[in-house]
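Reading through the structure tokens given below for one structure.
The values are calculated or read from the model by the stated rules, or taken from the named source; none is laboratory data. Predicted, not measured: the structure shown is a model, and the values here were computed from it. Using ideal geometry, Cβ is built from the backbone for each residue, glycine included, and neighbour counts are taken over all protein chains shown.
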Amino acid sequence: MVLELQPEGYWVRLTQLRQVINLNLLQIKKIIQLIAIAIVVSILFSWLHVPVAWLLTPMLVGITYAMLKGRRQSLPPTFKMVGQVIVGLATATRFSPETLSMATTYALPLLACVFATGSLSMFNGYLLSRWAGIDRTTAFLGFIPGAASSIVVMSEEMGADAIAVALIQYIRVLLVVVILPAVASFLFPATLEIPVPATVAITNNLPTLPMGLNLSILAICGTLGIWGGKRLRLPSAGFLGPFLIGLGTLWLLPYRLQLPQPLFCAGLLLIGLSIGVQFDWQTARKFLKAVLIEIGLVIVLILMCLGIGYEFHLLTNADTVTAILGFTPGGIEAMIATVMQLGGDTGLVMAMQLTRMLSILLIAPWLVSFLVKRANRSNCQSERSSQ
């Protein structure tokens with residue numbers, strides 16, 4: 001006996017399939033439109049010589065889009081991952097063995113400046129907790145500089161408000177990216193006259209490869225880097241994994257690999273959009289007092305870190321742009337993009353930012369727990385004494 005298909009069930013499933021396809025097509029259309037707008041505005045800002053236009057402009061476009069929608073938006077995780085891979089490989093092409101030995105030479109002042117920067121950040125978190133009335137775990141984690149996505153994930157496991165931590169972290173990154181290039185271009189206008197090369201590459205006399213083979217090798221490095229970074233559980237695995245694999249390949253390969261400048265700009269665009277669309281205006285209004293206080297604290301923190309960077313310049317004779325960018329409390333991707341535009345030592349900034357980020361990520365969970373427990377203990381003692 002042959003079972004007959006029920007026409008009602010068939011048409012219901014077909015209708016559901018059509019709805020899913022239409023929703024996916026609509027989402028793809030929105031993403032394409034958003035990217036197209038970001039490209040057009042980035043080209044305009046780049047033509048106007050706005051520093052780090054391919055990172056800053058997409059971020060502002062993403063924020064505007066999220067605000068118009070009235071809530072935080074999301075892009076496919078692949079977007080930010082691809083952007084991190086591209087910037088990581090671009091960084092690897094600028095990181096020379098000489099720079100690594102230079103960073104080792106600066107080990108003591110570098111660690112001292114990292115300690116000073118981290119202490120200032122934690123103190124700002126304490127002030128934010130006292131003045132804005134939010135819990136101290138959230139405030140401390142929100143002000144930890146570097147690796148914002150890793151800190152947000154960490155905050156969920158430590159009982160903090162992950163949304164508030166993300167808001168504080170991304171506002172800090174946004175302020176750094178907006179303020180720092182303008183300040184640096186004002187303080188060091190001569191460095192902005194350095195032309196950006198057509199490719200981001202190591203300057204040596206090694207022979208080059210055909211562009212197709214060149215890009216294939218970089219793609220393999222990026223894929224292996226993502227896999228290895230996740231297996232080793234590196235912070236910001238999409239950035240550090242490809243960077244380390246690319247660095248080893250570049251140092252061992254008897255050819256000069258190149259990362260075309262348009263591809264580098266595309267990586268910056270994807271990162272900027274991914275950060276911008278996560279801006280939540282409703283959450284910002286909910287924590288309006290905390291946001292206003294944070295803006296002031298971040299500006300003060302930036303100025304203090306500029307002073308720390310300048311002291312590092314005086315101690316080590318490293319160029320001022322590199323020293324300042326190396327200790328600015330922003331994400332690695334943003335600082336690397338900025339130093340590439342302003343003409344500093346990309347490798348040394350990478351070493352400084354990486355040392356700071358890894359040091360803070362290693363001690364942050366225990367340090368935050370210790371500070372929160374100590375604060376709670378002192379509060380309990382003060383309440384008992386008052387009674």
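Annotations
- Exactly one residue among Ser149, Ser121 is over 30 Å from Pro254 (Cβ atoms), out of contact with any helix residue (DSSP H, G or I) (no Cβ under 6 Å at 6 or more places or on another chain), modelled with pLDDT under 75 and buried (at least 16 other Cβ atoms within 10 Å of the Cβ), and that residue is Ser149.
- The one condition in (1) modelled with pLDDT under 75; (2) polar (S, T, N, Q); (3) over 17 Å from the mean Cα position of the chain (by Cα) that Thr338 fails to fulfil: (3)
- In segment 117-146, residue farthest from the chain's Cα centre (by Cα) [restricted to those that are among the small types (Gly, Ala, Ser) and not in a helix (DSSP H, G or I)]: Gly133
- The residue of segment 225-250 that is nearest to Ala90 (Cα to Cα), among those that are surrounded by fewer than 17 Cβ atoms within 10 Å (Cβ to Cβ) and not basic (Lys, Arg), is Gly248.
- Unique residue being under 17 Å from the mean Cα position of the chain (by Cα) and in a helix (DSSP H, G or I) when the list is Leu224, Leu218, Leu250, Leu240: Leu240
- Leu259 fulfils the conditions (1) surrounded by fewer than 19 Cβ atoms within 10 Å (Cβ to Cβ); (2) of a type outside the set (Gly, Ala, Ser); (3) more than 28 Å from Arg72 (Cβ to Cβ) except for a single criterion, (1).
- With respect to the conditions (1) closer than 30 Å to Leu34 by Cβ; (2) modelled with pLDDT of 85 or more; (3) of a type in the set (A, V, I, L, M, F, W, C); (4) surrounded by fewer than 23 Cβ atoms within 10 Å (Cβ to Cβ), Leu269 lacks only one, and its number is (4).
- For Leu215: the one exception among (1) modelled with pLDDT of 65 or more; (2) within 21 Å of Val339 (Cβ to Cβ): (2)
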